[in-house]
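To keep things clear, I will list the structure first and then write my remarks on it.
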Amino acid sequence: MNRVGQEKPEELGSNPARDYSGEMQNRINKPIFVVGSPRSGTSILTWCLGHHPNLFPVPESSWMGEFAINVAIAYQIGAARGDYSILSAMEIGDDELFATFGQSINDLVLRHRKDLERKRETRSMELKIDARWLEATSTSAGPKERWVDGTPEYSFYICALRKLFPHALFIHIFRDVHTIVRSMLNFHRVAGVQLVPNEQEAYRYWVRTVSACLEAERAYGQNVVYRIRYADLIDNAELAMRSLFAFLKEPYTAKCLEPLAQRINSSEVPPDFKSDDLATDPAIVEAAQRLCAEIENSPQPTESSQAAADKMQDAFSERVQYVARLESTIAELRQQIEDLRNRLAQAEDHAVSEQAG
């Protein structure tokens, strides 16, 4: 019998499971997540990176952060009884469980890249994807062993994503709060839905997402989280992208600048639009503007902070416990509802029996 490395192509093709294992075992598991406030340029930067011969952009996923929390809950259950529980009995640590799921996610994304490409091609008009971008991100553009996800909400899940993908890199794209608020309030012009209900919530959302990213910068350092200013990306694109690719440890390519050639007002903000809302708390506006100014005038921390990392870990653990308690409460309420239904059915049956008697 031939050894695996000497099998003929037709023999490999007869065993899809073995094909998958062989194809994926050497694939790099180092995804890139573009984070920051919504409307800060996460999408356009993701597409810029997707023009690189080794990177391809995926749609905003949104689910991986909560998935990591559920993995943590599952681990607690699987290790709750010491040697009588499978995970603790087999000395499977939570870090190994997280990383194993992360590896599987990475393999799935890489494996289904052609499916994504095919769907984008067939729905390019509906999805409003430029044909040039399709060409740049297609399989013909390069092997593309890494993927890029530009989900803004992952600003709140950087700690969780690092558990799934220990070698993941994060790009925090920063844009001034005034422009972001205007864009958020006009988002319905292109999406048909309100991103935020009012100006005050727009300021709150910007502060929350940016603060979460800044905390990650302090916790993990510039080797894991890289801050890039949207203004630099527009005004000095080549220099900004060269620096960014140095962080990603990927060779620079000018092709990644192509999506920036055309200025995009993706929220269709009218030139005369004013976001001044008398109902907005001035203190919130002032806090947001102060934070924005601080970021503009101070560089990103160069070193990681163990204290900040511990704080993020504590926040993740608290979230896990909150969700676990919430799920337990929901299960109890469902059982109570089921009990009440059974009692009501029994009462109705008893009433029917009495009437029949």
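The values are calculated or read from the model by the stated rules, or taken from the named source; none is laboratory data. Since the structure is predicted, the reported quantities are computational estimates derived from the model, not experimental observations. Here the Cβ is made from the backbone with ideal geometry for all residues, glycine too, and neighbour counts use every protein chain on show. What goes into the accessible areas is simple: the full protein's heavy atoms, side chains included, and nothing from ligands, DNA or RNA. Shrake-Rupley method; radii C 1.70, N 1.55, O 1.52, S 1.80 Å.
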For the chain, the dipole about the Cα centre with charges only on Cβ (Lys and Arg +1, Asp and Glu -1), to the nearest 20 debye, works out at 1020
Carbon/sulfur accessible area of segment 108-254, % of total, 1.4 Å probe, equals 51
Square roots of five times the C-alpha gyration tensor eigenvalues of the chain, ordered largest first and given in whole Å, equal 38, 33, 24
Burial-style ranking of 51-64, 208-221, 89-102, 326-339, average other-beta-carbon count within 10 Å with highest first, yields 208-221, 51-64, 89-102, 326-339
Rounded to whole Å², per residue accessible area for the chain with a 1.4 Å probe reads 57
With a 1.4 angstrom probe the carbon and sulfur portion of accessible area for segment 29-84, in percent, totals 58
Counting sequence-distant residues (5 or more places) and residues on other chains, those with an amide H built under 5 Å from that of Phe187 are Leu195
Along the dipole axis of segment 26-111 (charges at Cβ: +1 for Lys and Arg, -1 for Asp and Glu; origin at the Cα centre), the most positive-end residue among His52, Ala80, Ile32 is His52
The relative contact order of segment 98-219, taking Cα pairs under 8 Å that sit 6 or more residues apart, comes to a percentage of 27
Per-residue ellipticity at 222 nm attributable to helices in the chain (runs of n ≥ 4 DSSP H, -39500 (n - 2.57) apiece, nearest 500 deg cm²/dmol) works out to -18000 deg cm²/dmol
hull vol. (C-alpha, convex hull) per residue for segment 61-158, Å³ -> 122
